[in-house]
Amino acid sequence: MRAAVWYGRKNTKVVDVPDAPDPGPGEVKIKVAWTGICGTDLHEYWAGPIWMPLEPHPLTGKAAPLIQGHEFAGLIEEVGPGVVGFKPGDRVTADSETHCGKCWACQRHEYSLCEICAYLGLGRDGVFAPYVTIPADSVFHVPANISLQQASFSEPTAVAVHVLQRGRLAAGDSVLILGAGNQGLLQYQLIRHSSASQVFMVEFEGKRAEVARSLGAEVLDPSKVDVVDYVKKQTDGRGVDLTLDDAGNSETLTMALQATRIQGRVVEVGIFEKPATFNINDLVLKERELIGILNTGCMIPTALKLMAAGRVDPTPLISNRIDLEDVVEKGFEECIIHKDKNVKVIVNSNRDLWDA
Ligand SMILES: [Zn+2]
Ligand SMILES: [Zn+2]
């Protein structure tokens, strides 16, 4: 089969690889319909290896070169021995993690924090491919009123849900979102349907700001507006209760802290490509909290429920649909070079599922 394989930094290629294996006990083989290109894929392509294992992964024993891709939906192709609840043709999506079941986090059933978690496309072969074989316990049925294109957003939507959990979003909160990329726009849709009192988004002019405004967001362009000053004025001089930093760099981290009230919360969502520099007194002297977040928090079922209920619609976030063969040029390269023109590019792995 054809698949997009990571060989090294700026060296992902669509090549012939062996077919995905037949499902073993407890596994299913899935025919992949659509896979979203995630910031994580771009980080590995542009600045990796970050998570991509060069030595055998402690859980799976796999090492690069590996097939990339983890945000997907498709159809059950084949069911392994002992698997119940799935049959060929079922519409499904999956969590990206495979966990060890033995570490401290796994013992607490916090599988998405497994100390040796193997992510699809990062610790095992991913889904920029026509087929994938994975454990059935990470697979979920897609509600009937969601397309497979929409369901390919189940993982980032679950991350967005987990971001709000980590930030302890409360009734009446004012919220600042830094970055109107896919993650920020999913968070915005969730917050819009919550009891938050005010929401501000920060993004430069371009496609992302446009989509944010079309969803009803107030968008501040940081090249034109002093964000900290503006947000404070809008919150009686206090700053917001909660800031979500999806951009993940030293400047946005500082902006996030300074725009947040005394004892407010900042959730750091972005992945840093290098160590950050910020004034720790921006944290200490206002008793602010800086909170990390990783992965879905096992919130895929919740994400699917929210999508089925219309609380989140990823469709306006899709800026292009492309073929697997074009994933590097029209996908990775395009998303990096023309970041301002793209929110989410989704990749089709099987032409007969283009309309799925
Ligand atoms: Zn992702
Ligand atoms: Zn574990």
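Restricted to segment 8-59, and to residues that are among the β-branched types (Val, Ile, Thr) and more than 22 Å from the chain's Cα centre (by Cα), which residue is farthest from VAL345 (Cα to Cα)? Walk me through how you get there before you give the answer.
So the first thing to find is which residues in segment 8-59 are among the β-branched types (Val, Ile, Thr), and the list is 12, 14-15, 17, 28, 30, 32, 35, 37, 40, 50.
Next cut, more than 22 Å from the chain's Cα centre (by Cα) only: 14-15, 17, 28.
Values: VAL14: 17, VAL15: 20, VAL17: 23, VAL28: 26 Å.
The extreme case among them is VAL28.
When each of SER152, SER197 is tested for being more than 26 Å from HIS338 (Cβ to Cβ) and touching a strand residue (DSSP E or B) at 6+ places or on another chain (Cβ under 6 Å), the lone residue that passes is SER197.
When the residues of segment 185-228 are filtered to those that are of a type in the set (Val, Ile, Thr) and touching a Lys or Arg at 6+ places or on another chain (Cβ under 8 Å), which remaining residue is nearest to THR260 (Cα to Cα)? Residue satisfying both the conditions and the ranking: VAL199.
Results for (1) modelled with pLDDT of 95 or more; (2) β-branched (Val, Ile, Thr), shown as yes or no for each residue.
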residue: GLY61; (1), (2): yes, no
residue: GLY69; (1), (2): yes, no
residue: GLU78; (1), (2): yes, no
residue: VAL83; (1), (2): yes, yes
residue: ASP90; (1), (2): yes, no
residue: GLU97; (1), (2): no, no
residue: ALA105; (1), (2): yes, no
residue: HIS109; (1), (2): no, no
residue: GLY121; (1), (2): yes, no
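Would you point out the residue of segment 43-59, among those that are out of contact with any Lys or Arg (no Cβ under 9 Å at 6 or more places or on another chain) and surrounded by 15 or more Cβ atoms within 10 Å (Cβ to Cβ), that is modelled with the highest pLDDT? Taking the candidates together, the pick is MET52. When segment 109-120 is filtered for residues that are within 12 Å of ligand 2 (Cβ to nearest atom) and aromatic (Phe, Trp, Tyr), only TYR111 remains.
For segment 318-343, the set of residues classified as under 16 Å from TYR45 (Cα atoms) and basic (Lys, Arg) consists of LYS330, LYS339, listed by residue number.
Taking the criterion of being surrounded by fewer than 22 Cβ atoms within 10 Å (Cβ to Cβ) and assigned to a helix (DSSP H, G or I), the residues of segment 165-190 that qualify are GLN165, ARG166, LEU190.
Output the residues belonging to segment 195-217 that are among the small types (Gly, Ala, Ser), at negative phi and surrounded by fewer than 16 Cβ atoms within 10 Å (Cβ to Cβ).
The first filter runs over segment 195-217 and keeps only residues among the small types (Gly, Ala, Ser), leaving 195-197, 206, 209, 212, 214, 216-217.
Checking which are at negative phi leaves us with 195-197, 209, 212, 214, 217.
Passing the criteria: SER195, SER197, SER214.
Scanning segment 5-34 for residues that are within 17 Å of VAL139 (Cα to Cα) and assigned to a strand (DSSP E or B) yields GLU27, VAL28, LYS29, ILE30, LYS31, VAL32, ALA33, TRP34. Among the residues examined, TRP34 qualifies as among the aromatic types (Phe, Trp, Tyr) and either modelled with pLDDT of 95 or more or within 22 Å of ALA303 (Cα to Cα) (or both). When each of GLU71, GLU115 is tested for being charged (D, E, K, R) and touching a residue at least 40 places away in the same chain (Cβ under 8 Å), the lone residue that passes is GLU71.
Hey, could you check segment 121-156 for residues that are within 16 Å of ligand 2 (Cβ to nearest atom) and in a strand (DSSP E or B) and say which is surrounded by the fewest Cβ atoms within 10 Å (Cβ to Cβ)? Step through it out loud before you land on a result.
Going through segment 121-156, the residues within 16 Å of ligand 2 (Cβ to nearest atom) turn out to be 122-124, 135, 137-138.
Next, only the ones that are in a strand (DSSP E or B) stay: 124, 135.
On the way: ARG124: 23, PRO135: 19.
Checked segment 121-156; the qualifying residue surrounded by the fewest Cβ atoms within 10 Å (Cβ to Cβ) is PRO135.
Look through segment 55-108, keep the residues that are part of a loop (DSSP other than H, G, I, E, B) and of a type in the set (Lys, Arg), and return whichever of them is farthest from ligand 1 (Cβ to nearest atom). Step by step, filter segment 55-108, then rank; the result is LYS87. Inside segment 218-229, residues that are surrounded by fewer than 18 Cβ atoms within 10 Å (Cβ to Cβ) and either of a type in the set (Ser, Thr, Tyr) or under 27 Å from the mean Cα position of the chain (by Cα) (or both) make up a count of 4.
For VAL159, are the conditions met, namely being buried (at least 22 other Cβ atoms within 10 Å of the Cβ), away from ligand 2 (no atom under 16 Å from the Cβ) and over 28 Å from PRO49 (Cα atoms)? Against the criterion (buried (at least 22 other Cβ atoms within 10 Å of the Cβ), away from ligand 2 (no atom under 16 Å from the Cβ) and over 28 Å from PRO49 (Cα atoms)), VAL159 does not qualify. Would you check which residues across segment 300-314 are out of contact with any Phe, Trp or Tyr (no Cβ under 9 Å at 6 or more places or on another chain) and either closer than 30 Å to GLN258 by Cα or polar (S, T, N, Q) (or both) and list them? Result: THR302, single match.
The values are calculated or read from the model by the stated rules, or taken from the named source; none is laboratory data. Here the structure is a predicted model, which means the values were calculated and not measured. Heads up, the Cβs are rebuilt from the backbone with ideal geometry, glycines too, and the neighbour counts pull from every protein chain shown.
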